[in-house]
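All of the numbers you see were taken from the coordinates with simple rules; none came from a lab. The model shown is predicted, which means the values in this text are computed figures rather than measured ones. Methodologically, a virtual Cβ is constructed for each residue, glycine included, from the backbone with ideal geometry; neighbour enumeration extends over all protein chains shown.
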Amino acid sequence: MDSRTKTTINRRLFTSGVIGLAATSSAPAASQPANLLPARSDISFSPRMGADNRHGDPFEIAKTFHANRIDWTYGDAAFIAECVARGFAVGAALSPTMSRPDGDISDRMRDKSGQPVTAPWMKGWQGGRAYWGCFNNPDFRSLILGRARAAVAAGATRLQFDDAAGNYGAVAWGACWCAACRAKAAAQGVDLETGMKRFQLASVRDFFQGLRDGLPANILLSSNNGAIDWNPPYDLFDFGVAEMDEAQVNPQYLFNKFAAIESAGKFQFVTLRSESVDLNRRAIAMIYALGGGVIAPWDVFLRPNGAGSDRFYGAPEDYADQLGVIRQNATWFDDFTLEAALGTGVSRRPDLLQASGPVDLAVLRRAPDGRLVLHVVNASKAAKVEISVKTVATQAQFAATGAPIPYNGRSADGWHTLSIPPDRIWNMALVKQ
């Protein structure tokens, strides 16, 4: 699907400035992500089926989106190797629907009557045979480990698992009563009639521990934790790569999610199920302000359509200016953690950050060396918005790093107030110590 919301986009989306201030004492720092986790300035790209050129060369398109990594691709070993050769770190995808080459379905989940099970939204996929493999079946476990090792051998540095809830999620569809599950439950003294859900959650944990044990220690695991869900079993993964609906693009929801993710030392990429250019750009602004990342809006799953899915292929020129500034100013994103925030339904450390006028979201982030970056997202483009930052400095000095910026600053009692340009929905300012 190539149609896009026909709106006029103001290309002067955001500005960057430097504010010569001393920083205040920090609130307790959130846990720092491990060095192997995605950087906060990373932009992901997901050519879902690999070497599919029907919508253009995926590698060239990735570059126009300023993407520096590829995640969640079902491309084969040759495609993974080409990703590496083109300079992209790559994450290969795995799924419960992966099947054996000979079509044997003896390793699939079964309902109580012995019939193979599939997800409700996949009923028409793969000719009606998108059956889910059972996480307790040794043949399916061997199949997934073999696929994972082949991807790693081709150059993948991480593995994304689609529908990672597996057997636990399938309990809602009457699974799994296969011979492997019955035997394992009997050996553990579990009555599947009363303990199925608890048993299958433990089975999912065991499955992914077995997968980790069979791979090099530096291979990261991510999951499609839809709606940015980090509850079990998604807590098993190093980072998330999730689909998000339009209704979730609101400051309160995103702040609550990303603040919790950062505190847990995790990382989250998001792909928005929307064809709206305006909404995608607003989501990108808020997510990066909150320390997360996005998959560029291309080859995006929108909805199932029976035999497959409707997908959105965004035009790079609708997003390249915004994503390009993120990559060009990586040092304004990497290593920064949440210090304070305010906005619609959001209040964190009002002793450090205040606003006069309507603001969707303002976020103050701190680096280990004391630098602060202020992000202000305001889709309403109010005529006058002022943001005040509390520091120990007695005077503020403002200087633009790019095009002239109409910041007007004043200082009083340690508060330094900025007038935010009304014609941009995302403004950034660097606060130097």
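Could you pull out every residue, at least 5 positions away or on a different chain, whose amide H is within less than 5 Å of the one on Phe267? Hs are placed 1.01 Å off N in the peptide plane, and Pro or chain starts have none.
The answer is Gly240.
Can you give the helix-only mean residue ellipticity at 222 nm for the chain, where every DSSP H stretch with n ≥ 4 adds -39500 (n - 2.57) and the sum goes over all residues, rounded to the nearest 500 deg cm²/dmol?
About -7500 deg cm²/dmol.
What residue among Leu342, Leu36, Leu94 has the largest mean-square fluctuation in a Gaussian network model of the chain, using Cα springs under 10 Å?
In this elastic network of the chain, the residue with the biggest mean-square fluctuation among Leu342, Leu36, Leu94 is Leu36.
Could you derive backbone 3J(HN,Hα) for segment 289-299 from the dihedral phi with the Karplus parameters 6.51, -1.76 and 1.60 (θ = phi - 60°), listing whole Hz in sequence and x where the residue is Gly or Pro?
4, 9, x, x, x, 10, 8, 3, x, 8, 6
Quick one: give the max-minus-min coordinate of the C-alpha atoms of the chain along each principal axis, largest first, in Å.
73, 48, 35
Explain nothing, just the number: dipole magnitude of the chain about its Cα centre with +1 on each Lys and Arg Cβ and -1 on each Asp and Glu Cβ, in debye rounded to the nearest 20. Mind dumping the intermediate values first?
Numbers: 45 positive and 42 negative charges, 80 e Å.
So the magnitude is around 380 debye.
Give me the net charge of Gln200's neighbourhood, meaning all other residues with Cβ under 12 Å from the Cβ of Gln200; Lys, Arg count +1, Asp, Glu -1. List each step's numbers first, then the result.
Values: positive: Lys184, Lys197, Arg198, Arg205; negative: Asp206.
Cβ neighbours under 12 Å give a net charge of +3.
Would you mind putting 96-102, 371-377 in packing order, based on average other-beta-carbon counts within 10 Å, highest first? Don't skip to the answer; put the middle values down first.
Values: 96-102: 15.6, 371-377: 24.0.
Taking the mean over residues of other Cβ atoms within 10 Å, the ranking is 371-377, 96-102.
Cut-off under 13 Å on the C-alpha distance; same-chain residues fewer than 8 positions from Lys390 excluded. Which aspartates and glutamates are left, in chain and number order?
Answer for Lys390, where 13 Å is the Cα cut-off: Glu339, Asp351, Asp413, listed by chain and number.
Report, in whole Å, the centroid distance computed from the Cα atoms of segment 312-349 and segment 192-243.
The two parts, judged by their Cα centres, are 28 Å apart.
Taking the C-alpha atoms of segment 273-356, how large are the radius of gyration and the largest Cα-Cα span, Dmax, in Å?
16.2, 54
With unit charges on the beta carbons (Lys and Arg positive, Asp and Glu negative) and the dipole taken about the Cα centre of the chain, which residue among Gly75, Ser142, Ile420 sits farthest to the positive side?
So the residue furthest toward the plus end is Ile420.
Which cross-chain or sequence-distant (5 or more) residues have an amide H under 5 Å from the amide H of Met109, H modelled 1.01 Å from N in plane?
Val117, Trp132, Gly133, Cys134
Note down the net charge around Trp177, summing +1 for each Lys or Arg and -1 for each Asp or Glu among other residues with Cβ under 9 Å from its Cβ.
Details: positive: Arg110, Lys112, Arg182; negative: Asp111.
Net charge around Trp177: +2.
On a 0 to 90 degree scale, rounded to 10, what angle separates helix 192-213 from the longest Cα axis of the chain?
Around 70 degrees separate the two axes.
As an exercise, identify the chymotrypsin sites (Phe, Trp or Tyr not before Pro) in segment 165-246 lying in DSSP coil whose Cβ has no more than 14 other Cβ atoms within 10 Å. Mind showing how you got there, number by number?
Details: sites: Tyr168, Trp173, Trp177, Phe199, Phe207, Phe208, Trp230, Tyr234, Phe237, Phe239; in loops: Trp177, Trp230, Phe237.
Those that pass, being in a loop and sparsely packed, number zero.
Within segment 33-332, how many Lys pairs sit with Cα atoms under 17 Å apart, leaving out pairs fewer than 8 places apart on the same chain?
Values: Lys112/Lys184; Lys112/Lys197; Lys184/Lys197; Lys257/Lys266.
Total qualifying Lys-Lys pairs in segment 33-332 comes to 4.
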